[in-house]
1. Quick one: which strands (runs of 3 or more DSSP E) sit completely within segment 1-94 and have at least 3 residues that are of a type in the set (S, T, N, Q)?
2. Would you be able to tell me the number of residues in segment 127-137 that are touching a residue at least 24 places away in the same chain (Cβ under 8 Å), surrounded by fewer than 17 Cβ atoms within 10 Å (Cβ to Cβ) and of a type outside the set (Lys, Arg)?
3. If you check every pair at least six apart or on different chains, which have Cβ atoms under 9 Å apart with a residue in segment 6-31 that is touching a residue at least 60 places away in the same chain (Cβ under 8 Å) and over 16 Å from Ile61 (Cα atoms) first and a residue that is surrounded by fewer than 16 Cβ atoms within 10 Å (Cβ to Cβ) and among the acidic types (Asp, Glu) second?
4. Condition (residue is within 10 Å of the ligand (Cβ to nearest atom), under 22 Å from Pro163 (Cα atoms), of a type in the set (Val, Ile, Thr) and outside any helix (DSSP H, G or I)) applied to segment 100-122: is it met by at least one residue?
5. If you take the residues of segment 66-99 that are under 20 Å from Phe139 (Cβ atoms), of a type outside the set (A, V, I, L, M, F, W, C) and within 13 Å of the ligand (Cβ to nearest atom), which of them is nearest to the chain's Cα centre (by Cα)?
6. Mind telling me which of the residues Asn53, Asn63, Asn15 ends up being loosely packed, with under 12 Cβ neighbours inside 10 Å and either within 13 Å of the ligand (Cβ to nearest atom) or within 26 Å of Thr110 (Cα to Cα) (or both)?
Amino acid sequence: MGRVIQPYIVVTRANTLTEPLRQYLEEWFHREFENNSIEHDKPRWYALARFENIFIGRCGILNRKIMVGNHPMRVSGISGLTILPEWRRMGIANLILNQAETFITQELKTEYSLLICRDETAPFYLKRGWERIDSATYFAQNSGMYRFKKTTMIFRCVHRQWPPGDIDLCGLPW
Ligand SMILES: CC(C)(COP(=O)(O)OP(=O)(O)OC[C@H]1O[C@@H](n2cnc3c(N)ncnc32)[C@H](O)[C@@H]1OP(=O)(O)O)[C@@H](O)C(=O)NCCC(=O)NCCS
């Protein structure tokens, strides 16, 4: 890690942001993940990192009732964690996720968080205690149900194993 900075990190409801800022955050997501043709749900909260009036990192948060096997489960979701390229490898993603995970545990009080990601990004989350789930993950797209071909990961807020069974995100993915 090179330069050390102290950004301001905040978790905020998406519907309290100004329309231009919300649009900016959505465009940032699409720019970063532009090769990804999957249609995504919009976050209900954002964890944002700001430094000297620039937003340098963003992460979406939502919660959803999903199905695991035959069991309904309420989980929180992390989506589109992104740091501006010139601010990477300074610990900003760690700071944002610390705040997002605290918010999820203390405010949303879900037993698990779930995210889907590219295989190359999994080591970053594994280091933070997230676990790779081998069950198949399905979600809705305009064209019908889609089986996700990359990595599904969960974070346990309780000391209970993730149940077995295929995962249905019951809507668009995040
Ligand atoms: C992945 C990403 C969010 C990491 O952000 P960052 O601010 O550079 O990460 P940090 O500096 O907080 O690093 C956190 C840890 O992960 C490691 N790490 C950072 N980037 C990594 C990567 N691409 N692959 C594997 N490990 C990585 C760091 O070495 C660090 O480890 P440490 O805590 O043991 O020192 C950033 O590279 C990014 O925006 N990438 C493009 C978008 C993306 O792929 N997002 C993930 C969506 S699922």
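1. Where strands (runs of 3 or more DSSP E) fall fully within segment 1-94 and carry at least 3 residues being of a type in the set (S, T, N, Q), they are 71-83.
2. In the first step, residues of segment 127-137 are kept if they are touching a residue at least 24 places away in the same chain (Cβ under 8 Å); the result is 128-131, 133, 135-137.
Checking which are surrounded by fewer than 17 Cβ atoms within 10 Å (Cβ to Cβ) leaves us with 128-129, 131, 135-136.
Remaining after also requiring of a type outside the set (Lys, Arg): 129, 131, 135-136.
Of the residues in segment 127-137, 4 are touching a residue at least 24 places away in the same chain (Cβ under 8 Å), surrounded by fewer than 17 Cβ atoms within 10 Å (Cβ to Cβ) and of a type outside the set (Lys, Arg).
3. Pairs found: Pro7/Glu52.
4. Going residue by residue through segment 100-122, those that are within 10 Å of the ligand (Cβ to nearest atom) are 115-118, 120-122.
With under 22 Å from Pro163 (Cα atoms) added as a condition, the list becomes 115-117, 122.
Restricting the remaining residues to those that are of a type in the set (Val, Ile, Thr) gives 116.
With outside any helix (DSSP H, G or I) added as a condition, the list becomes 116.
Scanning segment 100-122, I find at least one residue that is within 10 Å of the ligand (Cβ to nearest atom), under 22 Å from Pro163 (Cα atoms), of a type in the set (Val, Ile, Thr) and outside any helix (DSSP H, G or I), so the answer is yes.
5. Only one residue tops the list, namely Ser79.
6. Matching residue, one of Asn53, Asn63, Asn15: Asn15.
Every number in this text was worked out from the coordinates using simple rules, so none of it is lab data. These figures come from a predicted structure and were not determined experimentally. For neighbour counting, all protein chains shown are included, and Cβ atoms are generated from backbone atoms with ideal geometry for every residue, glycine included.
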